[in-house]
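Below is one structure, written out as structure tokens; the observations come after it.
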There are 2 protein chains.
Amino acid sequence: MSQTDNLKYHLPISKSEIEAAHARIKPYIHRTPVLRSAMIDELAGCEIHFKCENFQKVGAFKSRGAMNAVLTLSESELSKGVCTHSSGNHAQALARAASLLNIPAYIVMPHNAPAVKINAVRQYKGEIFFCEPTQAAREKTLETVMQKTHANFIHPYNNLQVIAGQASAAKELIEDTLALDYILAPVGGGGLLSGTALSNYYFCQNACVIGAEPYLANDAFQSMKEGKIIEALPPLTIADGLLTSLGTFTFPIIQALVSKILNCTEEQIVNAMQLIYERLKIVVEPSAAVGLAVVLANPSQFKDQKVGIILSGGNLNLKAFYSSFEV
Amino acid sequence: MSQTDNLKYHLPISKSEIEAAHARIKPYIHRTPVLRSAMIDELAGCEIHFKCENFQKVGAFKSRGAMNAVLTLSESELSKGVCTHSSGNHAQALARAASLLNIPAYIVMPHNAPAVKINAVRQYKGEIFFCEPTQAAREKTLETVMQKTHANFIHPYNNLQVIAGQASAAKELIEDTLALDYILAPVGGGGLLSGTALSNYYFCQNACVIGAEPYLANDAFQSMKEGKIIEALPPLTIADGLLTSLGTFTFPIIQALVSKILNCTEEQIVNAMQLIYERLKIVVEPSAAVGLAVVLANPSQFKDQKVGIILSGGNLNLKAFYSSFEV
């Protein structure tokens, strides 16, 4: 691959670190299945292998990174617990990882977070600190929590142990599906995409890795074009897991190892989600459908290719979801 | 089991016939997975094993019975093709089975059948004959088709080869999940339930088989109580796969081998469906959720038991489905 042949940038995570992360988290996560649909293949004009992280613990790939981050803390770090700011899947994943190791998890969430997400964190015994729904309030509240508890901040994506954990999803896909031409992962903060690109580099290298992103949140596309991290856009897309900006760890890995970012419309996301429901008979969240959406939007690029798509998660508010079909 | 110890009624399908049916259809169907959810178990107070026929070919267990019926036709029968009246999963399943053997399938459907179902049959090259949406018109049209084509009528459930094929779903569940205390299957015409009961009798016998049915379509419950086939009720339930009356083959098997029929409300069906979506992350049709609905509605009966539930299918009109959550 051209982008790896003359790789000057020193990758911050090694092959053996990803192997170690995968071995470390294995007892705590599912090896999720890879599913196919003859009808989707026919429609897409290519051979698609869906890595089903919607079946992962807490319903999303985030379990992998959070688990690895917690398992690599020292004894003295563990005793202080972990903390993060997240209203999404990372919050649940971190609370679950902490509860498995019997350490506290402190989660900063906006007070208007949906009850279902609040309950999910509580169910894993996470302690919630509510804040105003602004980035500044989140960071301030997290700082207060850290000062009070000395807990270890586990960033949702800009953390090397988290990235090494997320890399295990693509590693499994590569092991289970030989000779892929493309691997697609959705991109929000870039934890999954950078991990996917690292696993392709170390364990496959024959595939092009592509990031998939809604037009309405195409800061990763812009960042690649501009060569610097562009801030996330206002939250307009239904793919609510993809609203964050790239991080200082994730962006350089993506620049080095990802071929390109492809964008899709909201309608394409809803159509892809509907196809996954109707043909694969599985539940995915909107953010998970962007990979299929960009494949269907770019038929000539993927024609007759062997394509792996990571379905990142399956957590969605059913009632909110119905209304998306009005798009 | 008391209902089998002193079985006087001569079962019309033998153990070896079910084994032969299973072996015969194996190349053409999926061995579907059995899934579990720790959270659903906690909520239900028992250990539930979900047999996922939503992942079956054409999205429903009906592929099994239709395939077996077609594969057991003689050469001269095959040359004339097959026919049925159905607007549901059996129509697709029969059209698919016929197309795999390169014989014609003639399907009688009401002219107001949803486009998605018409297209599904056409996609398998089934030839559709439209009729008025009444039982009389269906039967008359089917008769005309049979006179014209001499095709073999494959009844959706009141056919021994169909029942033997449906029995393979419970046979797989029993093979994959040892020592079940209960096996639940939804009951409409009784093809799946009678097949399930036969497989339990021949391959397990330790479990009680229970039929699950909406109150709004509880003709099977009434039939068991009255000791004779009670006609189906007006189509009011969202479980639109369970609207048919029991058949002359299915009812005696159910009388002999099924412990009882349990009913559930529409709200219980919707809640069960939502749990399956949110916890198992899989798509099921309303008719498939009645098994879980009756388990949740009868906690004391199932407490601490090992329960197998057949999720019968995953074909639903997404838009129609959303509105069901207004129940």
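The values are calculated or read from the model by the stated rules, or taken from the named source; none is laboratory data. Remember, predicted model here, so these are calculated numbers, not experimental data. Every residue, glycine as well, gets a Cβ built from its backbone with ideal geometry; the counts of neighbours run over all protein chains shown.
Condition check for residue A:189 on (1) of a type outside the set (A, V, I, L, M); (2) within 14 Å of the chain's Cα centre (by Cα); (3) not assigned by TED's automatic domain parsing to the domain that holds residue A:258: one failure, at (3). Within region B:246-296, the set of residues being out of contact with any Ser or Thr (no Cβ under 8 Å at 6 or more places or on another chain), among the hydroxyl-bearing types (Ser, Thr, Tyr) and away from chain A (no Cβ under 14 Å) comprises B:248, B:259, B:265. Among the conditions (1) under 19 Å from residue A:59 (Cα atoms); (2) within 14 Å of chain B (Cβ to nearest Cβ), residue A:242 misses just one, which is (2). State whether one or more residues within region A:255-272 are within 25 Å of residue B:272 (Cβ to Cβ) and in the same structural domain as residue A:38 (by TED's automatic domain parsing). Within region A:255-272, not a single residue is within 25 Å of residue B:272 (Cβ to Cβ) and in the same structural domain as residue A:38 (by TED's automatic domain parsing). Here residue A:234 fulfils each of the conditions (1) at pLDDT below 95; (2) under 18 Å from the mean Cα position of the chain (by Cα); (3) not β-branched (Val, Ile, Thr) apart from (2). Taken over region A:265-278, the criterion of being of a type outside the set (Phe, Trp, Tyr) and in contact with a Gly (Cβ under 9 Å, 6 or more places away or on another chain) is satisfied by A:272, A:278. Residues that are buried (at least 19 other Cβ atoms within 10 Å of the Cβ) and within 14 Å of chain A (Cβ to nearest Cβ) occur at least once in region B:79-89.
For region A:23-52, the set of residues classified as touching a strand residue (DSSP E or B) at 6+ places or on another chain (Cβ under 8 Å), of a type outside the set (A, V, I, L, M), under 21 Å from residue A:296 (Cα atoms) and more than 10 Å from chain B (Cβ to nearest Cβ) consists of A:36, A:37, A:41, A:46, A:47, A:49, A:50, A:51, listed by residue number. In region B:236-254, the qualifying residues are those that are part of a loop (DSSP other than H, G, I, E, B) and in contact (Cβ under 8 Å) with a residue 60 or more places away in the chain, and the one that is surrounded by the most Cβ atoms within 10 Å (Cβ to Cβ) is B:241. Tell me, which residue of region B:143-179 that is polar (S, T, N, Q) and touching a residue at least 60 places away in the same chain (Cβ under 8 Å) is surrounded by the fewest Cβ atoms within 10 Å (Cβ to Cβ)? Checking each candidate, the answer is B:149. Would you call residue A:247 outside the structural domain of residue A:133 (by TED's automatic domain parsing), farther than 28 Å from residue A:117 by Cα and modelled with pLDDT of 95 or more? Criteria not met by residue A:247. Condition first: of a type outside the set (A, V, I, L, M, F, W, C), surrounded by 15 or more Cβ atoms within 10 Å (Cβ to Cβ) and not in a helix (DSSP H, G or I). Now tell me which residues in region A:110-122 satisfy that. Residue satisfying the conditions is A:110 alone. One residue stands out in region A:271-327 among those that are surrounded by fewer than 17 Cβ atoms within 10 Å (Cβ to Cβ) and either in contact with a Lys or Arg (Cβ under 7 Å, 6 or more places away or on another chain) or not in a helix (DSSP H, G or I) (or both): the one that is modelled with the lowest pLDDT, namely A:327. Candidates in region B:128-142 are the residues that are of a type in the set (A, V, I, L, M) and closer than 22 Å to residue B:99 by Cβ; of these, the one that is surrounded by the most Cβ atoms within 10 Å (Cβ to Cβ) is B:142. Considering the conditions (1) touching a helix residue (DSSP H, G or I) at 6+ places or on another chain (Cβ under 6 Å); (2) more than 28 Å from residue A:130 (Cβ to Cβ); (3) within 14 Å of chain B (Cβ to nearest Cβ), residue A:61 is excluded by exactly one of them, (2). Between A:275, A:246, A:262, the distinction of being touching a strand residue (DSSP E or B) at 6+ places or on another chain (Cβ under 7 Å), on the phi < 0 side of the Ramachandran plot and of a type outside the set (Asp, Glu) belongs to A:262 only.
Considering (1) in contact (Cβ under 8 Å) with a residue 60 or more places away in the chain; (2) surrounded by fewer than 20 Cβ atoms within 10 Å (Cβ to Cβ); (3) assigned to a loop (DSSP other than H, G, I, E, B), the lone condition that residue A:125 does not fulfil carries the number (1). Residues in region B:210-235 that are touching a Lys or Arg at 6+ places or on another chain (Cβ under 9 Å), outside any helix (DSSP H, G or I) and either touching a residue at least 60 places away in the same chain (Cβ under 8 Å) or of a type outside the set (Gly, Ala, Ser) (or both): B:210 alone. When we screen B:21, B:98 for residues that are closer than 23 Å to residue B:202 by Cα and crowded, with 16+ Cβ neighbours inside 10 Å, the only hit is B:21.
Residues are listed down the side, and each one gets a yes or a no for (1) closer than 27 Å to residue A:207 by Cβ; (2) assigned by TED's automatic domain parsing to the domain that holds residue A:193; (3) charged (D, E, K, R):
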| site | (1), (2), (3) |
| --- | --- |
| A:30 | yes, yes, no |
| A:37 | yes, yes, no |
| A:42 | yes, yes, yes |
| A:75 | no, no, yes |
| A:102 | no, no, no |
| A:116 | no, no, no |
